[in-house]
Amino acid sequence: MEKGGGGVTEKVSEVAVDGGTGGVAKGNASIKNEFLTTKEKFHEFIDSKEEKGCDDDKDKQRTAAFAEEPASKKLKLEMEEKSKGWKHDGKRPRGQNKSRPHVKPTTYDDKQLCPSVLKENRKCNFGDKCRFYHDVAAYMATKPSDVGKNCYLYDTFGKCFYGITCRFAKAHTSPDFKSTENEDLVKAYADRKVVKNSLDKDLQIRLRKHLVPFEKSAKYLKTIVKDQQPGKQSGNGDAPAAQISVQSPTAEGVLTSTVPGTEVTYLSANTETKIPMKTVGPLTDADVIKLRPCEKKQVDFQDKLYLAPLTTCGNLPFRRVCKRFGADITCGEMAMCTNLLQGQQSEWALLKRHESEDLFGVQVEGCFPDTMTRCAELINDHIDVDFVDINSGCPIDLVYKKGGGCGLMTRTRKFEQIVRGMNYVLDVPLTVKIRTGVQEKSCIAHKLIPEMKQWGVSMITLHGRSREQRYTKLADWGYINTCSQLASPIPLFGNGDILSYEDAMKARETGVSGVMIARGALIKPWIFTEVKERRHWDISSSERLDILRDFSNYGLEHWGSDTRGLEKTRSFLLEWLSFLCRYIPVGLLERAPQRINERPPYYMGRDYLESLMASQHVGDWVKISEMLLGPVPKNFNFLPKHKANAYK
């Protein structure tokens, strides 16, 4: 998925240095000659036994893991060939991830502890048929060894929610396998909600049974069915004219009120359709009249640093790291509206908000007015957010071919219905993220922006590239400047190719209201500090390792400190390391700053850790993860295959 708003996976090609002593190839960053080296010398240094301190057996195992195809994959391919009658003529169909062995997180423990044992005074519903351990001693005999002496959850909250299944259990477990607690810390966090927007089980059940009412959405969608333009009759773009008066006939119908506790029924003039609305207390104008834009919650977007909604890497632990370095606005990862309406736990997890995120929004994707409007009403009623963003810039085929993402930019009528509908049901500002267009040489954003101003959009973010361009060319900030003038007085944020405070200053000169940072934050999350302090930060390797350690601790807090959560944290850490390795320390550059379209040649860092962090080999990223999260389990699936191949 896209690193920067929902879209593509960017591959990095290997770069070369002419002899490793001076002549830098085109597209490579300019590094001082004394630090340049060759690929062979670089890996020889990284793999040296004196520096890495690994034994020979472990080296051989790791080398074999990357050099040979997994045996399980070979076996499966041979079985498929026999069953389908394929011949060895080179015509057998292949796929990028075909028959690739995948280890599920639940299989890292050979046998897990039953939740009824982990949560005391709880009865197991499966009885003798339960396939999990009920004997704590037997479980502890098969449990993988601890990876650290101190448990971050116990030290922070006073108790570990994973008990003896925690991979740091010795820090809070008595000899009789009972979990201990720090009462002072437990009391301090008793009434404090650190993470918000979790999916309530009752709401999930009602969503799956289609029992959640969407009254506001139903009213708006009726106007679409009757082919009317909502908001134009009332003159303020807020609500259909039929919903502006109480107990007064209109061109569309009439609203009849009743005593408190009963139902308010909307009677259509053309049909006998009745839409019941439950009331509690006296019926007031606020119950049936939608708030005008000036009465909505106001958000000050001016001159803010906006962390882009990064798919996969823009998780809650990463956003916490960026908030610590000065990000003003954060946004959750792109969520599919249909999955949210179905109550999928994994999709709702993308909406979670940490208490440190003071200005937080969620980004949703969809292509139909009915589902997007209902999703907006669901978020408005059950989620704590400051704004909602529509993703109309996602370039991936899975989304685009369905009419979502960039596809909305070419479906103006549907786009308008979606924006007006979501704006009608929301009590918070509605923002939109777009690209310059779909085709590389056909920009259409400047045509859409004046229209979106009339639809009621509160803020627009423009990525200065088209769908076809992906990352092949630099962002067009001249075009972004033109669009920012068209968007005035609505704030417009620019996005694309910002990797230093100098890039951010040049972007602000174009007249945009603020800048959104995507890949730049992945390569160096301290970019927000650099922009605010207007300086280049020559950060040390130990400081960078501390950042990774904080991310790992936040990951254990978010995904869990048991084996499953530990390896999930490792997976996201490795995904992030595939971007961090592109950073070149300021002290090594021939000229500052580093450009985002320049790739680092092979170079030696000022210490071993700095060199290790510059490696583009997935095995070296695993070494870094082992420094923070302990050794990897057998058959661990390091990274998506395209990543592992790209950096081999």
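Here is how the numbers come out for the structure above:
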quantity	calculated
Theoretical gain in end-to-end length, residue 453 to residue 39 [0.36 nm per residue, Cα-Cα removed]	143.8 nm
Peptide ranges 331-342, 417-428, 190-201, 449-460 listed from the most packed, as the mean C-beta count within 10 angstrom indicates	417-428, 331-342, 449-460, 190-201
Using θ = phi - 60° and Karplus 6.51 cos²θ - 1.76 cosθ + 1.60, couplings along segment 435-442 (whole Hz; Gly, Pro as x)	10, 5, x, 9, 7, 4, 9, 9
Over segment 381-487, relative contact order from alpha-carbon pairs under 8 Å, at least 6 apart, %	27 percent
Packing-based order for 517-524, 487-494, 551-558, using average beta carbon neighbours within 10 Å, highest first	517-524, 551-558, 487-494
Too-long pairs where the Cα-Cα distance tops 24 Å, listed order kept, from 401/568; 216/296; 304/401; 111/634; 119/201; 39/623	401/568; 304/401
Estimated FRET transfer efficiency when R0 is 56 angstrom, pair residue 532-residue 129 (beta carbons, to 0.05)	0.45
Extension gain, residue 174 back to residue 193 (0.36 nm per residue minus Cα-Cα distance, nm)	4.0 nm
For segment 491-585: relative contact order, % (alpha-carbon pairs under 8 angstrom, 6 or more apart)	26 percent
Ordering of 611-620, 315-324, 394-403 by packing [mean C-beta count within 10 Å, highest first]	315-324, 611-620, 394-403
Equivalent ellipsoid semi-axes, segment 440-530, via Cα gyration tensor eigenvalues times 5, rooted, Å	22, 16, 11
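All of the numbers you see were taken from the coordinates with simple rules; none came from a lab. All figures in this text were calculated on a predicted structure; none of them were measured in a lab. Cβ atoms come from the backbone with ideal geometry, glycine included; neighbour counts cover every protein chain shown.
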